[in-house]
Structures are given as C-alpha cells and as structure tokens.
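Just so it is clear, none of the values below were taken in a lab; they were calculated from the coordinates. Predicted, not measured: the structure shown is a model, and the values here were computed from it. Positions of Cβ are backbone-derived with ideal geometry, glycine not excepted, and every protein chain shown enters the neighbour counts.
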Ligand code: ATP
Ligand code: MG
C-alpha cells in the first residue's frame, strides 16, 4: 500500500510532462503525405463519414495511418472518435460493443470489421492500477490531444481525416517514421509499467517497419521484462499471435531474444532453441510462416503453435516411451503435458489447442505406408496441415526427406499407382531397407525405392 502510494507520488507522470510542452499538433496536408482518401478502405471511409455527418469527430488512427505513410498495405483499420461507444453503436446497425478493460465498438461493413474507439482521457492519479502500475481499466473519455498522449508510440498517434485528407500529428510521429525511430510517448518506464505488453509491441513494430528502438525506450525493457508475468494469459496469447503472424516472425523472435523478452513468453522456446534439431525446426517453421503471410496466404495459429512446441512433445514422448509406456498413449500424454505447461503463460484457446493436437496426432500415422492406412490418412480433413508439418520435420532433418517425398507422390498419384507404391511394412523406412536388400527387384518395394 505504502509502496504504491510512494510510487504514485514520485513517478514521473508522462501526461504532466507532455502537457507542460502544451502540444499543438502538426496538420500535414495531403501534398506532403500523399494519402488520398481512396487509399483507405471503403469501410473506414464510411465509418468516418457517418460519424462526421452525425456531428462527431472521426479519424482513421494508429496502425493504418502509420503503415500507409510507411508504404505498407494496412491489415486492418481503427477509427477514433469523440462519440461514446453507445452513440457509435446507435449509428451502425451491424455493430457491437466489446471489451471491459478497454471498451470499443466493432463495426461490421462488408467483409471488414472496423474497431472504433472513443478518445481516452490521460491517465491520472485516480486511474485504477495494480501494484506494479498496470492499468486495469481505461474507459474515461477525453479530448483528441489526450487520446494522442495515451497511445503507445509516436508513430501510432497519427490521425487521418478522410474529409480533408490531412494527417494530424501530435507527437512528431511522421518525422520519427521517416527517421526510422520507434519512440515511446512519455516516460518509457511508466508506460511499460502501465501496460507491459507495450514492450512486446515495441519489438513487433520495430521488426515489422525496420525501425531502431530509441535507446530510452529500449534500455528499460530488460529490467522490466518480468512484468509480462502479470499480464493476463489471454492478452499475451493475442499479442504473441500478432507477432508470429506479422510476416516478420523471424525478425521479431530474434529481437525478443536480444531484448531478453523471450523467456517469459514461450517458456519452452529457450529450451527448444538450445536443441540443435529443435532450433532448426523452429526457424524453418517461422520462415515458412513469414513467407506465407507475405504471399497473402492464410496461416493457421494451430499449425504455428504446433511447430513451436513440437520438440518439447518429442522430448516428453521419448522419455515416456523409455519408461515403457506404449507409444500411442505416451504421445497423447506428452501432448497434454506440453499444452498444460503453456497454458500457465499463454491462454491458447480451446479451438487452437484442438487444432494443435490434431496435427501432432497425425504424425505417427505418416509412418504407416501399408494397407488401408495411407488412404485413410489422405482423407483426413487435416491431412494437408499434417503433411506440411511432416515436410518441416523432414527439412529440419528429424525424419528422412524420402518419407515426405513419398507422401507428396502418393497424394498426387492415381488410385492404381497408389497401390503399387504401398510399403508392406508397418514401421516405415528402416525395415523397408532391410527387406529390399533381401528381396531385390520385389514389386512394391521397388516402386518406392525408385524415389530414394
Ligand atoms: P497492427 O494493427 O498493425 O498490429 P496497430 O498499431 O494498429 O498495429 P492495434 O493493436 O490495432 O495496433 O492498436 C491500434 C492503435 O491503438 C495503436 O496504433 C495505438 O495507437 C493504440 N494502442 C494499441 N495498443 C496500445 C497499448 N497497449 N497502449 C497504448 N496504445 C495502444
Ligand atoms: Mg490495427
């Protein structure tokens, strides 16, 4: 209690510090930034114009403005307004209020969902925080200038008004973006304490946009990393997912390790990255995800987490088999062990954890290339994900490349050729080789060996 009071009295309040500078925003005309209104999505344009016609202020804000200025296509659009969530809700038939800690409105328009948030007031001594300074609720409305000040980074506090195509810049965000610098608004230590997830966001934004984290914002991260332990697991999971599916996962994870932020997040990542085979597998998986995102292909969170945790499953599975547990049962126990351990830190949703398990459980079935089993595996709805996973295992050297190639050919082959490809032996490659030596020229074996 006393510590909390002292901290409140002595901590540097970012708001007062900024308020002293009394910010007049820069109004940047379209001739300078080049974002004409046809560059923003139809839904975000419509949401802004509906709000403005009803007498409210409305701007596209945050990531979309930042990305457009940086020459990147925005992945989604956020709108900031002085209308309250209830007022927004009344203007749009297809909308709903979501969130508790941070209430916003989701407005659905065609295929898009626009997140509409009401201008937030600056934090004050009355703000409800936990003993580490983490903000527990943020639903006090304020002016646009206050709203700008409580945003995380200068490059994220840019407001675009589609009606006159100007960018309103309260914190020199456009300049920072051009200079490739990520700067925290206010005092970084206080802002990280208010919301430790901002440290992860700093790393993600820097990696995505190729920015240098300003030394004042970078330095406290190592010391404050442990505060991530107080963040609710569901929020950490969302943020990790954003990071891993940003198209820059490799760069992000490398930077997380450099900043000392990785240990609290994926407790097992450390261990995995120390195993030579595990490390190769994880990097391959992340590169593969980045390639898919950049090519505009969907990535499944289940697949991604299945790859990140696979070598932990392997280790636990091997240990259980060594203790004499039957292979199949040991695998399922190992899967549960690993997922339970993760659940303490990351709230992997039930649906995603079911996806992860499905992909893992398919893996031993790829070893069976005789009888009806391979045909049945091909018909599995998750066959493709299972196969992609197998391919990564082969690329990393965990299973023979020949096994992944066999499945690729088997899936492509017509029904008759499939029959000739079968390997009449339950345990896969090792036995098959032995048998071939004994039986050179044998029909089915020969067909498969043609690919080795
Ligand atoms: P992207 O959508 O590309 O991940 P973004 O910057 O739009 O990036 P969102 O999570 O959509 O990220 O948030 C929208 C905006 O809300 C941000 O640009 C920022 O201004 C503000 N914001 C988001 N999270 C925080 C936070 N933890 N603290 C302060 N401001 C935040
Ligand atoms: Mg966004």
Margin query: Over the stretch 80-124, what portion of Cα pair distances is larger than 14 Å, expressed as a whole percent?
Written below: 45
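How big is D for the stretch 139-246, in µm² s⁻¹ as a whole number, if Stokes-Einstein is applied with the Kirkwood radius of its Cα pairs at 37 °C and 0.692 mPa s?
222
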Notebook entry, point to check: In whole Å, how far is the Cα centre of the stretch 68-82 from that of the stretch 376-398?
Noted result: 37
Checklist line | Part-to-part distance (alpha-carbon centres) for the stretch 233-260 and the stretch 125-146, which is given in Å | finding: 25
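Of 170, 383, 77, how do they rank once you tally other Cβ atoms within 10 Å and put the fewest first?
Working: 170 22, 383 17, 77 26.
By the 10 Å Cβ count, ascending: 383, 170, 77.
Using Cβ counts within 10 Å as a stand-in for footprinting exposure, how do 56, 305 rank, fewest first? Intermediate values should be presented prior to the final figure.
Values: 56 17, 305 25.
The most exposed by this proxy come first: 56, 305.
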Margin query: Cα atoms only: what Rg and Dmax, in Å, come out for the stretch 2-195?
Written below: 16.9, 55
Item checked: Footprinting exposure proxy for 402, 165 (fewest neighbouring C-beta atoms within 10 Å first) -> 402, 165
Check: If contacts are Cα pairs under 8 angstrom and at least 6 residues apart, what is the relative contact order of the stretch 306-421 in percent?
Finding: 18
Notebook entry, point to check: Stokes-Einstein at 25 °C, 0.890 mPa s, Kirkwood radius from Cα pairs: D for the stretch 67-141 in µm² s⁻¹?
Noted result: 175
Note to self: Quick check: pseudo-label points 7 Å beyond the Cα along Cα→Cβ at residue 230 and residue 395, how many nm apart are they?
What the structure shows: 4.1
Checklist line | Where the Cα pairs of the stretch 89-203 fall when distances are cut into 10 Å bins, in % | finding: 12, 36, 37, 14, 0
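Dividing the Cα convex hull volume of the stretch 306-421 by residue count, how many Å³ per residue is that?
Each residue corresponds to 108 Å³ of Cα convex hull volume.
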